[in-house]
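Colleague: Have a look at the structure that comes next, please.
The values are calculated or read from the model by the stated rules, or taken from the named source; none is laboratory data. All figures in this text were calculated on a predicted structure; none of them were measured in a lab. Virtual Cβ from ideal backbone geometry, glycine too; neighbours counted across all protein chains shown.
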Amino acid sequence: MWPFRRKRPLVNRFIRYLIISDTVLFSATGLVAPIFAVFITDRIEGGDLTVVGLAATVFLATKSILQLPISWLLDRKKGERDDFLLMVAGSFLFTAVPLIYMVSTSPWHIYLAQFVFGMASAMNAPGWLALFTRHIDKEREAFSWALHSTSFQGGMAATAAIGAFVAKTFGFQTLFLLHAFFLALGSFILLFVYRDILDGDKKLGGRA
């Protein structure tokens, strides 16, 4: 037998799909995040740095307020299907955000998009973190989290320049369509672990 052959993969299948999904989602966000302020100040009537700051506040406040009660409710549910379904619902809801940006003309449209963004994140994050924590490989916890961090940050680094190029060359509308496409793709990837969720709930006697 080849002496350097690994006995098992670096991360298990479940964790691998969670990381791939998050990498695609964060890479999609990287397309827009670095030039979001430019979009607001250049394309939104009355858009200025105050609107940029308030937009960030709406997102962070919405996520912070909603994710604690959502997490509490998920912990009270037996099995993992609820965690999974809410995670996927939140992930697909992300897709609505760039579509709202596409038709935005005033600051309140941006605030609405940021509220939806915060709500989607509050739905997605608790379930994702719970599932990642439960399915992480023992004795590879540090590596698994580091791989996740490296993957999504590397993806954002790669797409930051691409997003600026697309916006400059083809316009913000094309950029937002591309953003929405990759958000939907990242969300779709999560469906590959649904069977694992059902099988795990059956073994645990959870709702399946």
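Colleague: Just for region 121-175: of the residues that are surrounded by fewer than 12 Cβ atoms within 10 Å (Cβ to Cβ) and among the β-branched types (V, I, T), which one is farthest from L85 (Cα to Cα)?
Modeller: T169
Colleague: State which residue is farthest from P98 (Cα to Cα) when the search covers only region 4-52 and only residues that are within 21 Å of the chain's Cα centre (by Cα) and among the small types (G, A, S).
Modeller: Among those residues, the one meeting the criterion is S21.
Colleague: Still on this structure, I have one more. Kindly list the number of the only condition in (1) at pLDDT below 95; (2) surrounded by fewer than 19 Cβ atoms within 10 Å (Cβ to Cβ) that fails for V103.
Modeller: (1)
Colleague: Mind checking which pairs have a first residue in region 134-156 that is over 12 Å from R16 (Cα atoms) and a second that is small (G, A, S), Cβ under 7 Å, 6 or more apart or different chains?
Modeller: From region 134-156, the pairs are G155/S27; G155/G30; M156/S27; M156/G30.
Colleague: Kindly provide the set of residues from region 98-133 that are β-branched (V, I, T) and touching a residue at least 40 places away in the same chain (Cβ under 8 Å), ordered by number.
Modeller: Matches in region 98-133: T105, I110.
Colleague: Which members of region 168-208 meet the condition of being more than 21 Å from the chain's Cα centre (by Cα), at pLDDT below 95, among the hydrophobic types (A, V, I, L, M, F, W, C) and in a helix (DSSP H, G or I)?
Modeller: L198, L204
Colleague: Okay, moving on. For region 146-164, state whether one or more residues are in contact with a Lys or Arg (Cβ under 8 Å, 6 or more places away or on another chain) and either aromatic (F, W, Y) or modelled with pLDDT of 95 or more (or both).
Modeller: Checked region 146-164: no residue is in contact with a Lys or Arg (Cβ under 8 Å, 6 or more places away or on another chain) and either aromatic (F, W, Y) or modelled with pLDDT of 95 or more (or both).
Colleague: Tell me, please, whether a residue that is out of contact with any Pro (no Cβ under 8 Å at 6 or more places or on another chain) and surrounded by 14 or more Cβ atoms within 10 Å (Cβ to Cβ) can be found in region 66-76.
Modeller: yes
Colleague: Sticking with this structure for a sec: Could you figure out which of (1) buried (at least 17 other Cβ atoms within 10 Å of the Cβ); (2) at positive phi isn't true of G46?
Modeller: The single condition G46 does not satisfy is (1).
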